[in-house]
Amino acid sequence: MAEHSAYPVGLRLAGRRVVVIGGGQVAQRRLPALVAAGADVLLVSPSATPSVDAMAETGEIRWERRRYRDGDLDGAWYALIATRDRVANDAASAEAEARRVWCVRADDAEAATAWTPATGRVEGVTVAVLSGNDPRRSAAVRDAVVEGLRDGSLTRNRPRTPGVALVGGGPGDPDLITVRGRRLLAEADVVIADRLGPRDLLDELPPHVEVIDAAKIPYGRYMAQEAINNALIEHAKAGKAVVRLKGGDPYVFGRGMEELQALAEAGIPCTVVPGISSSISVPGAVGIPVTHRGVAHEFTVVSGHVGPDDPRSLVDWASLAKLTGTLVVLMGVDKIGLIAEALVRHGRPADTPVAVVQEGTTATQRRVDATLATVGETVRAAEIRPPAVIVIGEVVNVAAPAGPAA
Ligand SMILES: C[S@@+](CC[C@H](N)C(=O)[O-])C[C@H]1O[C@@H](n2cnc3c(N)ncnc32)[C@H](O)[C@@H]1O
């Protein structure tokens, strides 16, 4: 029997009766996919795991709390037999055979008439792998294919739909980009990249990919936003798949909406992929949680690129000083002395702890600790340079300065 390979097929189970015998771990793992396929699932089992119980509670499946009995497979198209009772399993699979119902057996693959493949889904593609009676091998092959689809390495030469993807690349560690962002990057013809974000990923791009540096070095040389918008539009109009790779999240001080609007005006299709913002992940990288039960019930993310007394500032520092939670300042290295002074002047205690984290999540990550009274001088003396995230508030002391990833 085992000499013949299994015949792969996709069952369309919507509205069709599927009978599951046994409500343990196997059922718990298989039921979500059956429910997602729209099957009319009947579970027969005296007991069930809490997750299976919850599926019955919400009406996703129907549960008869009893043991299997002959006739349970009446009207079924497909059966999953997964009890710990060998006699019941044999009886149920004999009934399946007699009724010509395809039947999976968790306890005995040889006695089954169907096998469950190792499956995965990526962007509408279902991967299903069978490798005889070797589920570990099936899972390993499935993982490799799913990973290849997710990161784009399996589909790199696929013709791409022209347009622009604004991809949030995360704080810098190349592992902290989203799966979708990484796949779009692997499929790009042109990448316009910021200085911040996962620059290491650019090395992995094939040689034909054009990489354009859109570095906006603070207070230094920069490529005007308009020039970036024009470059995005030009390359997209030339039929290229363009990725605009940005640090953190495109919509957190990232000018993502400006780029989206410019593209919309030019009639260019654009997709936005969120990213992990440095405002949360960089404190986290040195063991600082931006909220902590009993310590901080809010966190506020502020741009410090202009000082508190600068007429261009849109930040109400006097109000922020009255908050007791966490204040996270981005782009604030240059003005942190003035910012700290303003916060103290408006009522935040001078001994409030402050942590400054430079180049978080990268190999050159550094952290210095201070208080509002000392941070201006500390940042100067330690020669902290952008990019840095400044965390102000009691959460700084929740973890020891030498936290897990410090
Ligand atoms: C123009 S903002 C962009 C923020 C980005 N969109 C985000 O969500 O993280 C740039 C600022 O983000 C912060 N930043 C970004 N990446 C950082 C990193 N790896 N380490 C420390 N600060 C970082 C710095 O405050 C930097 O000046």
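How far is helix 25-36 tilted off the main Cα axis of the chain, in degrees rounded to 10, range 0 to 90?
Tilt relative to the chain: about 80 degrees.
Quick check: the angle from helix 225-237's long axis to the longest principal axis of the chain, C-alpha only, nearest 10 degrees?
30
Give the residue from Thr178, Gly124, Val356 lying farthest towards the positive end of the charge dipole for the chain; charges sit on Cβ (+1 for Lys and Arg, -1 for Asp and Glu) and the dipole is referred to the Cα centre.
Gly124
Can you compute the label reach from Asp310? Point 7 Å from Cα along the Cβ direction, backbone N cut-off under 17 Å, restricted to the range 332-353.
Correct set: 332-343.
Would you mind checking which residues have amide H under 5 Å from Arg244's amide H? H placed 1.01 Å from N; only 5 or more apart, or other chain.
Ala165, Leu166, Val167, Ile192
Cα atoms only, the range 54-141: Rg and Dmax in Å?
15.0, 42
What is the sum of charges around Thr371, taking Lys and Arg as +1, Asp and Glu as -1, for the other residues whose C-beta is under 14 Å from the C-beta of Thr371?
-4
Search the structure for amide H atoms under 5 Å from the amide H of Ala296, placed 1.01 Å from N in the peptide plane, and list their residues when 5 or more places away or on another chain.
Amide H neighbours of Ala296: none.
Over the Cα atoms of the chain, what radius of gyration and what Dmax do you get, in Å?
For the chain, the Cα-based Rg and Dmax read 28.4, 84 Å.
Given q = 0.12, 0.13, 0.20, 0.24 Å⁻¹, what are the Debye log10 I(q)/I(0) values for the range 105-207, with equal point scatterers placed on the Cα positions and solvent ignored?
The calculated log intensity ratios at q = 0.12, 0.13, 0.20, 0.24 Å⁻¹ are -0.53, -0.59, -1.01, -1.27.
For the range 259-288 and the range 52-76, what is the centre-to-centre distance using only Cα atoms, to the nearest Å?
Computed from Cα coordinates, the inter-centre distance equals 45 Å.
Taking the 0 to 90 degree range and rounding to the nearest ten, how far is the long axis of helix 336-345 tilted relative to the main principal axis of the chain, both from C-alpha atoms?
Helix 336-345 sits at roughly 90 degrees to that axis.
Contact order normalised by length for the chain, with contacts defined as Cα pairs under 8 Å and 6 or more residues apart; what percent is it? Don't skip to the answer; put the middle values down first.
Details: 811 pairs, mean separation 42.3, N = 406.
About 10 percent, as a whole number.
For the range 84-196, give the magnitude of the charge dipole about the Cα centre (Cβ charges: +1 Lys/Arg, -1 Asp/Glu; no others), in debye to the nearest 20.
Computed about the Cα centre, the dipole is about 340 debye.
If amide H atoms are built 1.01 Å from N in the plane of the peptide, which residues on other chains or at least 5 residues away come under 5 Å of the amide H of Arg16?
Placed amide hydrogens put Asp40 under 5 Å from Arg16.
If you take the Cα Rg of the range 240-316 and divide it by 2.2 N^0.38 Å, with N the number of residues, what do you get?
That ratio works out to 1.44.
Taking the Cα centre of the range 1-116 as origin and charging only Cβ (+1 Lys, Arg; -1 Asp, Glu), how large is the dipole, in debye to the nearest 20?
240
What net charge do the residues around Val357 carry, taking every other residue with its C-beta under 14 Å from that of Val357, with Lys and Arg at +1 and Asp and Glu at -1? Walk me through the numbers on the way to the answer.
Values: positive: Arg366, Arg367, Arg385; negative: Asp173, Glu359, Asp369.
Taking every Cβ under 14 Å from that of Val357, the sum is 0.
What percentages make up the Cα-Cα pair-distance distribution of the range 163-276 when the bins are 10 Å wide from 0?
15, 53, 30, 1
How compact and how long is the range 167-206, expressed as Rg and Dmax of its alpha-carbon atoms in Å?
9.0, 23
So, in Å, what gap is there between the alpha-carbon centers of the range 363-387 and the range 94-110?
Cα centroid to Cα centroid, the span is 67 Å.
Ratio of Rg to Rh for the range 1-116, alpha carbon only, Kirkwood?
0.94
Give me D for the range 279-397 in µm² s⁻¹, whole number, from Stokes-Einstein with Rh from the Kirkwood sum over alpha-carbon pairs, 10 °C and 1.306 mPa s.
In µm²/s, the coefficient is 114.
Using alpha carbon centroids, what distance separates the range 229-257 and the range 157-211, in Å?
11
Can you show me the helix-derived [θ] at 222 nm for the chain, built from DSSP H runs with n ≥ 4 at -39,500 (n - 2.57) apiece and divided by the number of residues, rounded to the nearest 500.
-8000 deg cm²/dmol
Each value in this text was obtained by applying a stated rule to the coordinates, not by laboratory testing. Being a predicted model, the structure only gives us computed values, none of them experimental. No Cβ is skipped: glycine too gets one built from the backbone with ideal geometry, and neighbour counts run over all protein chains shown.
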